1. Could you list, in sequence order, all residues of region 1-41 that are touching a residue at least 40 places away in the same chain (Cβ under 8 Å) and either under 23 Å from Arg67 (Cα atoms) or among the aromatic types (Phe, Trp, Tyr) (or both)?
2. Which numbered condition trips up Ala102, out of (1) farther than 22 Å from Gln29 by Cα; (2) within 19 Å of the chain's Cα centre (by Cα); (3) among the hydrophobic types (A, V, I, L, M, F, W, C); (4) surrounded by fewer than 18 Cβ atoms within 10 Å (Cβ to Cβ)?
3. Across region 21-68, what is the total count of residues that are closer than 16 Å to Leu135 by Cα, charged (D, E, K, R) and touching a Leu at 6+ places or on another chain (Cβ under 8 Å)?
4. Restricting attention to region 122-134, which residues are touching a Phe, Trp or Tyr at 6+ places or on another chain (Cβ under 7 Å) and modelled with pLDDT of 95 or more?
5. Considering only residues that are closer than 23 Å to Leu63 by Cα and either surrounded by fewer than 11 Cβ atoms within 10 Å (Cβ to Cβ) or of a type outside the set (Lys, Arg) (or both), which ones fall in region 13-24?
6. Only residues that are at negative phi and loosely packed, with under 14 Cβ neighbours inside 10 Å: list them for region 74-85, please.
7. Would you confirm whether any residue within region 30-43 is among the aromatic types (Phe, Trp, Tyr) and not in a loop (DSSP other than H, G, I, E, B)?
8. Do any helices (runs of 4 or more DSSP H) lying entirely in region 79-181 carry at least 3 residues that are over 24 Å from Glu12 (Cα atoms) and without any contact (Cβ under 8 Å) to a residue 24 or more places away in the chain, and which ones are they?
Amino acid sequence: SLNPPEVIAAVEDGTANLDERLAAAARVQAAGYKLAFHLDPLIYFEGWEAAYHGLIDRIFSVLDPDRVAWISTGSFRYAPGLKEAIQARFPDDELTRAEMVAGPDGKQRYFKSIREQMFRSIKEKIESVDPALFLYLCMETRRMWDRVFGFVPSSGKNLDALFDQRRLHMEARRPTGRPQS
């Protein structure tokens, strides 16, 4: 899971910083393994777009996109009842003070317009690095898939086929002499 340094510092207390995470990923990639990343949860804050675009630039300044299998992305969300627990433990918490709405699964989420804006921006930035890199939405509605990607996976099998398509694309582009994972 990756987030911009601003988010790591604000809400991921006690975790590795971005440089440490990317260095670990680079070691794994250098050993010949494929990688996958979660940009989840995306956090909406003033300057979010520049921060997440900077994150993507940093990822691919260190890592080879041809060896990244896929990236999932999802917005900040939480189950009913969790807000009170978070605020009791972290009285200065800002995350749960954002305007949110209950989704079909009952979880609190950013408004659709904010989520769509964030997902589209991340998608466009990733496509500027590698148009073939598979990006998918985590825990999102079919309607959001359609708004962001212009299609909806018709089933789990259809989504599996998209993963397989990326895997085959990676195999075709795999440099010779590198270990296969």
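The values are calculated or read from the model by the stated rules, or taken from the named source; none is laboratory data. Just so it is clear, the model here is predicted, and its values are computed rather than measured. Backbone-built Cβ (ideal geometry, glycine too); neighbour counts: all protein chains shown.
1. Leu2, Asn3, Pro4, Leu18, Leu22, Ala31, Gly32, Tyr33, Lys34, His38, Leu39, Asp40, listed by residue number.
2. If we test Ala102 against (1) farther than 22 Å from Gln29 by Cα; (2) within 19 Å of the chain's Cα centre (by Cα); (3) among the hydrophobic types (A, V, I, L, M, F, W, C); (4) surrounded by fewer than 18 Cβ atoms within 10 Å (Cβ to Cβ), just (2) comes out false.
3. Here the count works out to 1.
4. Correct list: Ile122 only.
5. Thr15, Ala16, Asn17, Leu18, Asp19, Glu20, Leu22, Ala23, Ala24
6. Going residue by residue through region 74-85, those that are at negative phi are 74-80, 82-85.
The answer is Ala79, Pro80, Leu82, Glu84, Ala85.
7. First, pick out the residues of region 30-43 that are among the aromatic types (Phe, Trp, Tyr): 33, 37.
Imposing the further condition that a residue be not in a loop (DSSP other than H, G, I, E, B) reduces the set to 37.
Within region 30-43, one or more residues are among the aromatic types (Phe, Trp, Tyr) and not in a loop (DSSP other than H, G, I, E, B).
8. Of the helices (runs of 4 or more DSSP H) lying wholly inside region 79-181, those with at least 3 residues that are over 24 Å from Glu12 (Cα atoms) and without any contact (Cβ under 8 Å) to a residue 24 or more places away in the chain span 112-129, 142-149, 156-173.
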